[in-house]
Every structure is written in structure tokens, then in C-alpha cells.
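Novice: The structure under discussion is supplied below as C-alpha cells; questions concerning it will follow.
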Amino acid sequence: MNYVDEYISALSNRSCGSDLEYTAEFIVLEQASRTAETVEYGEHVYVTQAIDWPHVEALCRGLYEQTLDLRVMVILARALLDRCGLNGYLGGLRLVAWLVRQRWESVHPQLVAEDQFDPLIRINTLAELVVPSTVIGVLKRQVLARTEDGQTLCLGDLDIISSTEGAQHSEQLALLTQLIEPNCSTELMRSLGLINALRTVLDEMTADLDEKTAVQGISPFLGLSKSLQKWGRVVEDRLRLVVTKRPSVQPSERASSVSRAQNHERTGSTCESREDVVRALDAICSYYQRHEPSSPVPFLIARVRRITTMSFIDIIEELAPNSVTDLRRLGGRVAD
């Protein structure tokens, strides 16, 4: 997320400013981001109005022009989760992590000598990032990938696969397998990368909190980090299982395989045909799926594999569609 890097770069040159906790702007932000409880009067249930997260995000950005405050940044991270999903949550966590690592001594709310610099107020603020009834619930509803027929796999489905047995477990496991076979979903692999990145940021913040507070295990992120590790492992383990279960070379293909192997012995490990190129690309993808499942390399190879059987014009249309018309005109061919 480029804007996160730009935001951190801008913040790094600023002081933390004043504590705005009791200003009108801060109070408005807290009220706008607060989830009111559902109220019941007799048989009537009054459902509270949903939080306007785009408005909350705008309020956060306005306050951060004046102050560096963990409370504001935590609310911003929650707003980014609601608006931009896992990618937004990752960006928000990175901003919070920067404040913890780089501005712990001066960020608001500040620690005071009268309380022996007790960090509890900050730990409680950070804990708002992992509240089970709100944040974790939203996280579990995030869509990781979609099948061609419109089914969705959510983060919560990985929790079901890793924690339960029975019909629901089998259904979600079948859905995950469908996204891996026959060609692994690019969307799923991207989501796996986000899961691993989220866990990395949380673990780094945990280490920083241990160091800053000199209290081991004080971090509120331990539980979510373990869950993300468990959910990511569900995908990685399934990837390995699917790869190992793929059928071996059919008998009808063995003779030609032996012939190709003999040719390779004479000419070295080279590709002698377009089919050899495709097999080599498939072998590379298989390696990454087994050993580096979060790598983006298979995504790029998939595109290369797709164009190996195309004509020159089709390749240009795939890679640079805006150039096809000019190319046809240059060759004396104008599309209807």
C-alpha cells in the first residue's frame, strides 16, 4: 500500500503535537466510531445505526494533521478494515506499528510518572484492534477468493476447517480444494500473502511491546497472530496435499518422455519444443506451490504459460491491447 509508506514518511518529520483527547474533534471521532448496543423494549428491538466508516476515516485523517495519537490510529485501522478489507487492515496495522516502534516515548496517550509510566492505557487502546465481537468478526467475513460459479471462501471458513469436523468442515474444505485445483486461484494466493503479512506485523508489534514495556506477554495481539498462523497453514497444507496427489505421467506419455530425456542427455537440460516449455513452466509453478505458496511468481508464470500457444497478434493483444489496432493498420489489416 503505497499511501501507507507516504503517510509514514510524512509523519516521521513531525512531532507528536498536543493531546487532543478533550477537544470537540476528538469527542466527535469517538462517538462516530462507537458501536451502540441494540436496545430491546418489550417485543420491540431497536437496531442501532451502522457506523459510517468513510466519515470516521475522514475524521481520523483530520486529527492526524494535528497530533500523533494511538487512539486515533487504532480507529483509522478499523475504518480501513471496513472499507478496504484485509489490505486496509494491514495498512492500518503498519501505521500503528510505526508509532509503537518509533514514537513510543512521546505518542499520545502519554505515560506519566505519577502512574510509574504504566503502559496499560496504551495496551488497552491497542487491544481495540483485536476485539472478538467487532474486529475479529469483520475479519472472518473477509472474502479470500471466489470460485467461477460465485461461491466465496472467507477467512472464517478457514477457522471452520481448522477447528471442526462434520458436514460444514467437509463443505468448506471442498470449496478450498476447488480453488486450488486444477489451477490455483490467484485471488487465493494473494489472500494467503496478506494473511502471512498480517501475522508478521502483529508479531513485530508484540516484540516491540515486550521491549518497550519490559513485560513479556503483554501484547494483545498474541491470540490473533496464532489464529492467522493456523488459518494460513490450512491453505498451505492443502496446497501441498493437492500437489502430491496429482496424477503421474500416463503410460502413453512415458515413451515420448523417455525420448525427450534421451535428447536432454545429448543436448543438456534444454527445451526442444513448445510442449517442453509448458512442462518447464508447470514444474516451476509446482515448486513454488510446494515450497513458497505465498510467492507471486506463479501468477506471472500463469500469464506466460497462457501466451505460449498464441499467435504474434494474439500475444500483442494480450500484453498491450491498445497497440493491436495500430499494428493491424501497419500491416494493411483494419478490423471491422
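Novice: Rounded to two decimals, what ratio of Rg to Rh does the range 142-246 give with C-alpha atoms and a Kirkwood Rh?
Specialist: Taking Rh as the inverse mean 1/r over Cα pairs, Rg/Rh reads 1.07.
Novice: So, one more: At 7 Å along the Cα-to-beta-carbon direction for both SER18 and ARG141, put a label point, then send me their distance in nm to one decimal.
Specialist: It is 3.9 nm.
Novice: Here's another thing I want to ask about it. Just want the ordering: ARG71, ARG274, from fewest to most Cβ atoms lying within 10 Å of their own Cβ.
Specialist: Going from least to most buried by this count: ARG274, ARG71.
Novice: Neighbouring Cβ atoms within 10 Å as the yardstick, rank ARG190, ARG78, ARG306 fewest first.
Specialist: ARG306, ARG190, ARG78
Novice: So, one more: Quick one: PHE221, PHE117, PHE26, fewest Cβ neighbours within 10 Å first, how do they rank?
Specialist: With the sparsest Cβ surroundings first, the list reads PHE117, PHE26, PHE221.
Novice: Under the 0.36 nm per residue contour assumption, what length would be gained going from the current alpha-carbon distance of ALA167 and ILE284 to full extension?
Specialist: 38.6 nm
Novice: Can I get the semi-axes of the range 103-176's equivalent ellipsoid? Compute them from the C-alpha gyration tensor as square roots of 5 times the eigenvalues, in angstrom, largest first.
Specialist: Values for the range 103-176, descending: 42, 13, 8 Å.
Novice: Sticking with the crude label model, points 7 Å out along Cα→Cβ, report the distance from LEU222 to GLN116 in nm, one decimal please.
Specialist: 2.0 nm
Novice: For a test of the definition: using alpha carbon positions, the gyration tensor, and the 1.5 limit on a/c, classify the range 168-210 as rounded, prolate or oblate.
Specialist: Oblate, since a/c reaches 1.5 and b/c is not below a/b.
Here, each number is a calculation from the coordinates, and none is a lab measurement. As the structure is a computational prediction, the values presented were derived from the model and not from experiment. Please note: Cβ atoms are built from the backbone with ideal geometry, for glycine as well, and neighbour counts cover all protein chains shown.
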